[in-house]
1. Can you tell which of Leu110, Leu140 is in contact (Cβ under 8 Å) with a residue 60 or more places away in the chain, surrounded by 14 or more Cβ atoms within 10 Å (Cβ to Cβ) and not β-branched (Val, Ile, Thr)?
2. Condition test on Met1, is it at pLDDT 95 or above and either within 9 Å of the ligand (Cβ to nearest atom) or hydrophobic (A, V, I, L, M, F, W, C) (or both)?
3. Go through (1) surrounded by 16 or more Cβ atoms within 10 Å (Cβ to Cβ); (2) touching a residue at least 60 places away in the same chain (Cβ under 8 Å) for Asp8 and report which single condition fails.
4. Hey, Asn258 hits all of (1) of a type in the set (S, T, N, Q); (2) within 17 Å of Ser41 (Cβ to Cβ); (3) at pLDDT 95 or above but one; which does it fall short on?
5. Being among the hydrophobic types (A, V, I, L, M, F, W, C), within 24 Å of His206 (Cα to Cα) and more than 15 Å from the ligand (Cβ to nearest atom) is the filter here, so list the residues in the range 135-170 that pass it.
6. Out of the residues in the range 89-99 that are in contact with a helix residue (DSSP H, G or I) (Cβ under 8 Å, 6 or more places away or on another chain) and assigned to a strand (DSSP E or B), state the one that is surrounded by the fewest Cβ atoms within 10 Å (Cβ to Cβ).
7. Could you grab the pairs with beta carbons closer than 8 Å, sequence gap of 6+ or different chains, first residue in the range 25-41 and within 12 Å of Glu158 (Cα to Cα), second one more than 6 Å from the ligand (Cβ to nearest atom) and among the basic types (Lys, Arg)?
8. Scan the range 10-20 and tell me whether some residue there is hydroxyl-bearing (Ser, Thr, Tyr) and more than 16 Å from the ligand (Cβ to nearest atom).
Amino acid sequence: MLKGMIFDIKRYALHDGPGIRQTVFFKGCPLRCWWCHNPESQSTKTEIITREIKLDGDSCYEDVPVGRLMTVDEVMAEVLKETVFYDESGGGVTFSGGEPLLQAEFLKALAAECRRNNIHTVLDTCGYANPETVDSVADLIDLFLFDIKLIDEERHREYAGVSNRIILANLRRLAANGKKIIVRFPIIPGITDTDENIAGLIGLLHSMSSIINEVDLLPYHSIANHKYLQFEMENKMKDAQPPSDERMNILKEHFEQNGFSVKIGG
Ligand code: SF4
């Protein structure tokens, strides 16, 4: 039976697409972004973390699995509990991760079930997948939240672990096919937030501006620092600071002046 590796299902999500949504987090990602705020999403395997719980002032510790194999029916049982919220708010389901395209068959089966139940679907993707895989999923997705991080290929390799060629080609391909896309751009001081990278991104988006005219600017935050400790992973950003509100507003204005509709956050 077809199963997918899922590490979380978040209810009442407000920043993963329009309306009130349920976000299904797929485990496993081909990228290794320095600033990843879901490091538990990167491995395709179930991992065990030890969690502290307080009982009458005493500390106890329990091992908790992160990630479990679920069937389409099990995920849909969660999704279908909240159709009333989707209907009233113009919401639906968002597939996020990790990278859902890494489990394309499971993603397709879930998206098809959502379509059968008239539930709006969003795919939050890093875009790193075979073009055939992207094409096979595209018609089941109502809106793509497509992450673009770095335009320079070598810098993309350095900070995200892979080349960005296939990512940019997939973005162009989806735009050429008229898919609805919002580009998500993480603002990482000194890494993605450089004059050269921003000029490169705006140039790229201008070449597709008849299709892509919305950009979400996602400020770096350090709330995932404790997860790197929990998962015993190297945290290359442990001393990094988030961008200031002032910097975020300057960037918002800059993208708006270039003709884009911009939101700070998702
Ligand atoms: S693409 Fe997203 S989930 Fe994957 S490593 Fe980068 S930030 Fe993390």
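The values are calculated or read from the model by the stated rules, or taken from the named source; none is laboratory data. Every value quoted in this text rests on a predicted model; they were computed, and no experiment measured them. Glycine gets a Cβ as well: all are built from the backbone with ideal geometry, and neighbour counts include every protein chain shown.
1. Result of the check over Leu110, Leu140: Leu110.
2. No, not satisfied.
3. So the condition that Asp8 fails would be (2).
4. (2) is the only condition that Asn258 fails.
5. Across the range 135-170, the qualifying residues are Ala138, Ile141, Leu143, Ile151, Ala169.
6. Gly92
7. Close Cβ pairs satisfying both conditions: Cys33/Lys149; Trp34/Lys236.
8. yes
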